[in-house]
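Structure first, then comments.
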Amino acid sequence: MSKTKSVTMHNVGIVVEDLDVAIDFFTELGLELEGRAPIEGPWADGVTGLRGQRVEMAMMRTPDGHNRLEITRFLAPTVIADHRRAPVNSLGYLRVMFNVGDLADTLARLAKYGAEVVGEVVDYEDIYRLCYIRGPEGILIGLAQDLG
């Protein structure tokens, strides 16, 4: 008898320098702040492998409640790498993509937070209107609008 494996996505994590700006940006995108808290202690050190970890974390969720974005600001240890401006063909985790109701409206609202389209807005057949943007601190974010 085989066991059925149940897997759901819990969250995607992004590390930022300015947590307040990131929360404002993702709130404007349509996510809701689920909670915000300081995180530290032996359990946090253990799960990340970083000793002396102290972070401030905000959990954002999509309006349907099915997906979350964890935004973290490290107080300690010092951040050791910065790949926020990495090009789209870089190895490793790259971007998170959101489905939006109206791409033009979303871009206009996010522009006041400094969002810039990376290339151009394109239509993929008659299925999606797509673009990549650079959000807060240059983070790469994909936006898709269903055209069906």
For V96, the lone unmet condition from (1) open to solvent by 50 Å² or more (accessible area, probe 1.4 Å); (2) in contact with a Leu (Cβ under 9 Å, 6 or more places away or on another chain); (3) modelled with pLDDT under 95; (4) closer than 28 Å to A37 by Cβ is (1)
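Within the stretch 13-23, which residues are surrounded by 15 or more Cβ atoms within 10 Å (Cβ to Cβ) and either polar (S, T, N, Q) or out of contact with any helix residue (DSSP H, G or I) (no Cβ under 8 Å at 6 or more places or on another chain) (or both)? Explain how you work it out, then say what you get.
Going through the stretch 13-23, the residues surrounded by 15 or more Cβ atoms within 10 Å (Cβ to Cβ) turn out to be 14-16, 19, 21-23.
Once the filter is applied, which keeps residues that are surrounded by 15 or more Cβ atoms within 10 Å (Cβ to Cβ) and either polar (S, T, N, Q) or out of contact with any helix residue (DSSP H, G or I) (no Cβ under 8 Å at 6 or more places or on another chain) (or both), the stretch 13-23 yields V15, L19, I23.
If you go through the stretch 63-110, how many residues are in a loop (DSSP other than H, G, I, E, B) and touching a Phe, Trp or Tyr at 6+ places or on another chain (Cβ under 8 Å)?
Residues of the stretch 63-110 in a loop (DSSP other than H, G, I, E, B): 63-67, 77-95, 100-102.
Next, only the ones that are touching a Phe, Trp or Tyr at 6+ places or on another chain (Cβ under 8 Å) stay: 88, 95.
So the answer is 2.
Out of T4, T27, report the one residue that is open to solvent by 50 Å² or more (accessible area, probe 1.4 Å), among the polar types (S, T, N, Q) and without any contact (Cβ under 8 Å) to a residue 24 or more places away in the chain. Explain how you work it out, then say what you get.
On the way: T27 fails: without any contact (Cβ under 8 Å) to a residue 24 or more places away in the chain.
Step by step, each of T4, T27 is checked, and only T4 is open to solvent by 50 Å² or more (accessible area, probe 1.4 Å), among the polar types (S, T, N, Q) and without any contact (Cβ under 8 Å) to a residue 24 or more places away in the chain.
Considering only the stretch 46-53, I want to know if a residue exists there that is in a loop (DSSP other than H, G, I, E, B) and open to solvent by 70 Å² or more (accessible area, probe 1.4 Å).
Yes, some residue in the stretch 46-53 is in a loop (DSSP other than H, G, I, E, B) and open to solvent by 70 Å² or more (accessible area, probe 1.4 Å).
The values are calculated or read from the model by the stated rules, or taken from the named source; none is laboratory data. Because the structure is a prediction, the values reported are computed rather than measured. Cβ sites come from the backbone with ideal geometry, for glycine too, and all protein chains shown count toward neighbours. Protein only, heavy atoms only, side chains kept; ligands, DNA and RNA dropped before computing areas. Shrake-Rupley method; radii C 1.70, N 1.55, O 1.52, S 1.80 Å.
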